[in-house]
Amino acid sequence: MADADVPTLVEQARQGRPRAVARLISLIEGDSPRLREVMAALAPLAQGAYVVGVTGSPGVGKSTSTSALVSAYRRAGKRVGVLAVDPSSPFSGGALLGDRIRMSEHASDPGVYIRSMATRGHLGGLAWAAPQAIRVLDVAGCDVVIVETVGVGQSEVEIAAQADTTMVLLAPGMGDGIQAAKAGILEIGDVYVVNKADREGADATARELNHMLGLGEARAPGDWRPPIVKTVAARGEGTDEVVQALEKHRAWMEEHGVLAERRMRRAAGEVETIAVTALRARIGDLHGDRRLGALAERVVAGELDPYAAADELVAGVTEKAAGA
C-alpha cells in the first residue's frame, strides 16, 4: 500500500477501503511531494458530504457526544467519517489518540472511519490538513463528516470556517455561560447542546445560554435561530433531537443559499491558506539571504520603517519567483 500510485489509492478510497483512506490522509499530513497530485485527483470526485463541526471547552463531553452522533447517523443508514483533532505531543508531534479510544465501539463498523489528527502547533483547534482530509472522506463515500476540535477555549472558533454546521457543546457547573460570551462562540454556533443534562444546573445553563443568544445580533424574520438541545451523551439521551436540529439547519441553509455560500467561503479560505503558506516558504528561503539582514539593519538604524522593508522583501520574493 505504501508504494501504491495516487490514482490507485484514490480508486481504492472511493471503494471505501480504510487503508487507502488512511494512506491519502497521511500523505496530506506529511506534506508529501505527491500532495498536489492527490488533490488534483480528488477535486472532481467530491460528493458534497455534510460537514458538522463539534466544539466546546475541555470536559464537556465532545468525544462522547461525537460517538453518540455517529451511532445516530449509522442507525439512519449514513456512512460517517470522524476527524478527531487532538493536541500534538510536544515530543513526537503526534496526536494523543484519546478520541479513538473513546470511540472504540465504532472501530469494527465498515460504515465509520475515524482518524485522529494532530494540531502540530496550529492555533484555532484544527489541524492545518483538516480541509484536505475532509475531501478524502467525502470522496470515500462518507455522507457525514464530523470534525471534533481540540478543547482549546477561545481559539477554537476556527471550526466555523471549516464546517457546514457548527455544534457548540456546554455543560452545567463549568462556567460555560461566561465562557460562551467570552470566547465568541455565541457568533459561531448553529446548534447548541447542553450535555450532562442529568446534572444539577443544566436547566439554568440552558436558560442563561438562551438569554445570551437573545441579547446577540438582531435576527430578521426567517433567519436561523440556533436551538438549544439538552443531552446525556453517555446514555445516548437527546442525540436523536440533536440530529433533527442539525438536519433542520442543513435544510434551512439549502433553502436560503447559505450552504453554497459557506462552502465557497471555505474553498476561498483553503486557497488563501495554501497561497500564504507558499509565500512564507519563499520568504523563509530568504532568511539566509543578505537582503533580509540588510533590510533589518536599515529598520534598526531608522532608515526604513518595517512596512517599507516588508514591501521590499515581498518584491524580492516576487522577483525571485518570476526568475524561477
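Tabulated values for the structure
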quantity: Whole-number accessible area per residue in Å² for segment 1-84, which is evaluated in the context of all protein chains at 1.4 Å; calculated: 42 Å²
quantity: Other-chain or far-sequence residues with amide H under 5 Å of residue 231's (modelled H); calculated: 194, 195, 196, 197
quantity: Modelled FRET efficiency - R0 41 Å, residue 315 with residue 263, Cβ distances, 0.05 increments; calculated: 0.70
quantity: Listed peptides 6-17, 252-263 by packing density, highest first (mean Cβ within 10 Å); calculated: 6-17, 252-263
quantity: Pairwise label distance in nanometres, residue 198 with residue 107, each label 7 Å out on the Cα-Cβ vector; calculated: 2.5 nm
quantity: Efficiency of FRET from Cβ geometry, residue 251 and residue 47, R₀ 30 Å, rounded to 0.05; calculated: 0.95
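The values are calculated or read from the model by the stated rules, or taken from the named source; none is laboratory data. Model, not experiment: these values are computed from the prediction. Please note: Cβ atoms are built from the backbone with ideal geometry, for glycine as well, and neighbour counts cover all protein chains shown. Surface areas here come from the heavy atoms of the whole protein model, side chains and all, with no ligands, DNA or RNA. Shrake-Rupley method; radii C 1.70, N 1.55, O 1.52, S 1.80 Å.
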